[in-house]
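In what follows, a single structure is set out as structure tokens and then discussed.
Each reported figure results from applying straightforward, stated rules to the coordinates on display, with no laboratory input. Just so you know, these numbers come straight off a predicted model, no measurement behind them. Using ideal geometry, Cβ is built from the backbone for each residue, glycine included, and neighbour counts are taken over all protein chains shown.
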Amino acid sequence: MPTDLLAYRSFTFKAGGAHITRAPALAVWDVVTGIGGDNRYYAMNALWTVREWMDAAVGGPGLRRGRPEHDELRPGDRIDSWEVLVAQPPELFALIFKMKAPGDGVLEFAIRSKPRVTRLTVTAFWEPDGFAGTLYWRAMQPAHILLFRRLTAEICKRAEARQAAASTQPMLKRTA
């Protein structure tokens, strides 16, 4: 893995998806950083589970699930079989892929506020280790295309629901 935190952006392959929401960036951030553990991966969890079992079958950490107990995620924290690389609220969250695979991977969530909307982009970056790594990427690419569209849409949907729930909470009356 490169030493420059954002050097992964120059990896050979990438795939991603994006979605726009009316939820504020902080609401999107809260959903993004809630990924993993009991929340799973918000979209196409059956495919994630298959990949986890494949990893476990070859001695990898695929079936290791869990999140840190603290709320604010930091670089080095483990989320299931991922490691937090970058946590810059509410704009950038990146996870290093820690399952066994022929190459290095990073999953990046970029959150950009625009007037009245927030744009969420999820991108997988992959640096293959030889021909096997290229084959691995090519085999996963069709699933990635569908996965990231669904993932970004679901995260935004959940952020909107959180925002709606927060705005309907009754105001507490102050007593003098």
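Helical runs assigned H by DSSP (4 residues or longer) give the chain a calculated mean residue ellipticity at 222 nm of -11500 deg cm²/dmol, each run adding -39500 (n - 2.57) before division by the residue total. Maximal additional length on extending the Ala18-Ala143 stretch stands at 43.5 nm, based on 0.36 nm per residue less the C-alpha distance. Each residue of the range 91-104 was assigned a 3J(HN,Hα) from its phi angle through the Karplus expression (A = 6.51, B = -1.76, C = 1.60, θ = phi - 60°), giving 10, 9, 9, 9, 10, 8, 6, 10, 6, 5, 6, x, x, 10 Hz with x at Gly and Pro. The angle separating the long axis of helix 130-167 from the principal Cα axis of greatest extent in the chain is about 10 degrees.
Fully extending the segment from Asp38 to Ser113, taken as 0.36 nm per residue of separation minus the present Cα-Cα distance, adds 24.2 nm.
The string of couplings for the range 72-87 from the Karplus curve (6.51, -1.76, 1.60, θ = phi - 60°) is 7, 6, 10, x, x, 5, 9, 10, 6, 9, 10, 10, 5, 9, 9, 9 Hz, one whole number per residue in order, with x for Gly and Pro. For the chain, the tally of Lys pairs with Cα-Cα distances below 30 Å comes to 6, considering only residues 8 or more apart or on different chains. Helix 45-57 sits at what angle to the longest principal axis of the chain, using alpha carbons and giving 0 to 90 degrees rounded to 10? Roughly 40 degrees, rounded to the nearest 10. Under a 5 Å amide H cut-off, with hydrogens placed 1.01 Å from N, Leu63 pairs with Ala56 among residues at least 5 apart or on other chains. A Förster distance of 45 Å, applied to the separation of the beta-carbon atoms of Thr168 and Ala7, puts the FRET efficiency at 0.55.
Values (1) 46, 38, 26; (2) 47, 34, 31; (3) 69, 32, 32 are given for comparison; Cα extents along the principal axes in Å, derived from the coordinates here, is the one labelled (3).
By its C-alpha gyration tensor, with a ≥ b ≥ c as the square roots of the eigenvalues, how is the range 15-55 shaped: rounded for a/c under 1.5, else prolate for a/b larger than b/c, else oblate? It would help to have the intermediate numbers written out before the result.
On the way: a/c = 3.30, a/b = 1.90, b/c = 1.74.
Here the range 15-55 falls in the prolate category.
Sequence-ordered 3J(HN,Hα) estimates for the range 18-24 from the Karplus curve with 6.51, -1.76 and 1.60 and θ = phi - 60° stand at 8, 8, 10, 9, 8, 5, x Hz, glycine and proline given as x.
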